[in-house]
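Let me begin by presenting the structure, written as structure tokens, before commenting on it.
The values are calculated or read from the model by the stated rules, or taken from the named source; none is laboratory data. All values reported here derive from a predicted model rather than from experimental measurement. With ideal geometry, Cβ positions are generated from the backbone for all residues, glycine too; neighbour counts draw on all protein chains shown.
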Amino acid sequence: MMISRSMSLDPILEKLGREGASLLEAEAMRDVLAGRFDGQLLDSVNEADWLEALGRMEAVKQTGNAGMK
């Protein structure tokens, strides 16, 4: 699946763990991923970049600020 702000949340929910992730988390993660990896395949994001994106997603959840670094 190509990363974009309009991509389906399903692949992100699958990668986050559907049972443990909320739609809010998936939406925040999509924004974070699209900001850095727009146009790339979701499966091409390596583990280090994914973990960094998870940290940014947590910051977005807490602040509501997608620009949070």
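Residue by residue, here is whether (1) in a loop (DSSP other than H, G, I, E, B); (2) out of contact with any helix residue (DSSP H, G or I) (no Cβ under 9 Å at 6 or more places or on another chain); (3) of a type outside the set (S, T, N, Q); (4) modelled with pLDDT under 95 holds:
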{"position": "Ser6", "(1), (2), (3), (4)": "yes, no, no, no"}
{"position": "Leu13", "(1), (2), (3), (4)": "no, no, yes, no"}
{"position": "Glu19", "(1), (2), (3), (4)": "yes, yes, yes, yes"}
{"position": "Met29", "(1), (2), (3), (4)": "no, no, yes, no"}
{"position": "Leu33", "(1), (2), (3), (4)": "no, no, yes, no"}
{"position": "Asp43", "(1), (2), (3), (4)": "no, no, yes, no"}
{"position": "Asp49", "(1), (2), (3), (4)": "no, no, yes, no"}
{"position": "Ala66", "(1), (2), (3), (4)": "yes, no, yes, yes"}
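Run Met1 past the list (1) among the hydrophobic types (A, V, I, L, M, F, W, C); (2) touching a residue at least 12 places away in the same chain (Cβ under 8 Å); (3) surrounded by 17 or more Cβ atoms within 10 Å (Cβ to Cβ) and report the number of the one that doesn't hold.
(3)
Only one of Ala53, Ala48, Ala26 is surrounded by fewer than 17 Cβ atoms within 10 Å (Cβ to Cβ) and of a type in the set (A, V, I, L, M, F, W, C). Can you tell me which?
Residue meeting the stated conditions: Ala48.
The rows are residues; the columns are (1) within 14 Å of Ile3 (Cβ to Cβ); (2) in contact with a Ser or Thr (Cβ under 7 Å, 6 or more places away or on another chain); (3) without any contact (Cβ under 8 Å) to a residue 24 or more places away in the chain.
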position	(1), (2), (3)
Glu19	no, no, yes
Ala26	yes, no, yes
Met29	yes, no, no
Gly35	yes, no, no
Gln40	yes, no, no
Leu54	no, no, no
